[in-house]
Amino acid sequence: MSELTSQLFRRKPVVEMEAESGSETEQSELTRSIGLFQLTMFGVGATIGTGIFFVLSQAVPIAGPAVVFSFLIAAVVAGLTAVCYAELAGAVPVSGSSYSYAYATIGELPAMAVAGCLLLEYGVSAAAVAVGWSEYLNELLNNLFGFKIPEALSQAPEQGGIFNLPAVILIALCTLLLIRGASESAKVNTVMVLIKISILILFIVIGLFGWNSNNLADFAPLGVQGITAAAGIIFFSFIGIDAVSTAGEEVKDPHRNMPLAIMFALLIVTTLYILVSLVAVAAQPYTQFEGQEAGLAAILENVTGSTWPGTLLAAGAVISIFSVTLVVIYGQTRILFTMARDGMVPELFHRVNPRTRTPVPNTIIVAAVIALLAGLIPINFLAEMTSVGTLVAFAIVALAVIILRRREPDLPRPFKVPGYPVTPILAILGCLWIIKDLRIPTLVVFVIWTAVVLAWYFAYSRKHSHLGRHEHVGLIKDEPVV
């Protein structure tokens, strides 16, 4: 029994992780091409879009105008976790995000459970955003050309359709870009994020002209429970914090740039989320949000009595929401890349094209699975499933800070969590507080998914673990493209 326990909780030293990834040398498996600004835009790109463009129609009917507090609660918990991510990202600058952090601090089995959370978090998030993207695409097509993609080809079966074709097309386009290279993807993402920020600022400015205090009268119709329940739905939109940490092996000067990018991204995202949600609930009665597609565009059209602001916002959303899907798929592939390097999943996911320096088979497989989810499952279920995975991963990161401080006190830490150990403890409690208000079916599906991941660990990963075999296979390259 003690031998089994030692296997399940064997830890991978940070020094070994850095040596395998080449993070401290010029021998990195992936190309270090992403600077601080582009990395910050990765965090913003993976975050803004999921929450504010889509989830208001899910969260406002539950919380009412008090959804502003839901965003604030989610931001506070995310902020407590962000400083934990910042410390670990600077101390352990490798790909793999909280999977790698758990492997270095808690052990192999818990790391596998965290990986399950991350795979759920990223895969389902990308699908959710792709589903919402098709709503804004239809809004844009209707305003510009007077037609929409038929419901049969733009809705999930549960919503009266057959297959969400636009969502699948979006995922295919992101996949093609990611295969070309991380640097190209980062540049395109930066342009799209700047467009996105400009569009949201435009919404705030124009939306203020529709401010009606009467819309704020019934501020919290379902009380505190409604506010916290909405916070749980919203929380998945803070996935961008984790997305930054998945780029650890492709960032220039990761010890410095990763903590800074996480903090800058959180500041930008939180400010825009709170301002946009406040303007939105003041400009439209909260009862009108339920089931509303392309909600921000509809609000601008009602405020101005014209279609051009809504058309412009829909166009901006169509262009910039591309970046959310792009970064989230990127994060998913880098987590699987790191897991394959450790022997947790087949080494096919660690195979890199020598010309583009990207994990091509990995990217194609991930995109195919996400495309199926986006084509067949409605957005409300996808959003809440992402939240539970994000919350559990965030809690593990906060716990990892405490454990790593005790086990490796001399490890270089360019950034340290302020208010330690109170801050990581509050982050853990905050995540658990939001989890308790998630719906029972969501938690049941999450438990089933975690059981499947752990079954995979005992059937495959425990036997193939490179740490258990005291070996490292190294980078696997595709044959050169002729």
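The values are calculated or read from the model by the stated rules, or taken from the named source; none is laboratory data. Quick caveat, the model's predicted, so the values are computed rather than measured. Counting neighbours? That spans all protein chains shown, and the Cβs are built from the backbone with ideal geometry, glycine included. For accessibility, only protein heavy atoms count, side chains too; no ligands or nucleic acids. Shrake-Rupley method; radii C 1.70, N 1.55, O 1.52, S 1.80 Å.
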Could you size up the charge dipole of the chain around its Cα centre, putting +1 on the beta carbon of Lys and Arg and -1 on that of Asp and Glu, and report it in debye to the nearest 20? 600 debye
Region 88-210, accessible surface, carbon-and-sulfur percent (1.4 angstrom probe): 72 percent
Reach of Lys463 by Cα under 25 Å, taken over lysines that are not fewer than 8 positions away in the same chain: Lys12, Lys477
If you count, for each residue, the other Cβ atoms within 10 Å and average over each peptide, how do 6-14, 101-109 line up from highest to lowest? 101-109, 6-14
Here the gain from full extension of Ile169 to Ser213, 0.36 nm per residue of separation minus their alpha-carbon distance, amounts to 11.7 nm
Taking a ≥ b ≥ c as the square roots of the eigenvalues of the Cα gyration tensor of region 115-242, is the shape rounded (a/c under 1.5), prolate (a/b larger than b/c) or oblate? rounded
Among the lysines, select those whose C-alpha is under 25 Å from the C-alpha of Lys148, and discard any that sit fewer than 8 residues away in the same chain. Lys196
Where does each of 162-175, 79-92, 352-365, 436-449 land if you order them by average Cβ count within 10 Å, highest first? 79-92, 162-175, 352-365, 436-449
With Cα atoms, 0 to 90° folded angle of helix 223-234 axis to the chain main axis: 60 degrees
Residue-wise, which Karplus ³J(HN,Hα) couplings in Hz belong to region 206-212, taking 6.51 cos²θ - 1.76 cosθ + 1.60, θ = phi - 60°, and x for glycine or proline? 6, x, 4, 6, x, 4, 9
In degrees, nearest 10, range 0 to 90: what is the angle between the Cα axis of helix 165-180 and the longest Cα principal axis of the chain? 40 degrees
Give the peptides 410-418, 226-234, 141-149 in descending order of average Cβ contacts within 10 Å, highest first. 226-234, 410-418, 141-149
What area, in nm² and to one decimal, does the C-alpha convex hull of region 99-173 cast on average over all directions? 6.6 nm²
Semi-axes of the equivalent ellipsoid for region 251-373, please: Cα gyration tensor eigenvalues, times 5, square-rooted, ordered largest first, whole Å. 38, 19, 13
May I ask you to derive the FRET efficiency for Trp308 and Leu372 from their Cβ-Cβ distance with R0 = 41 Å, giving the value to the nearest 0.05? 0.65
Helix 67-91: inclination vs the chain longest Cα principal axis, degrees, rounded to 10, gives 20 degrees
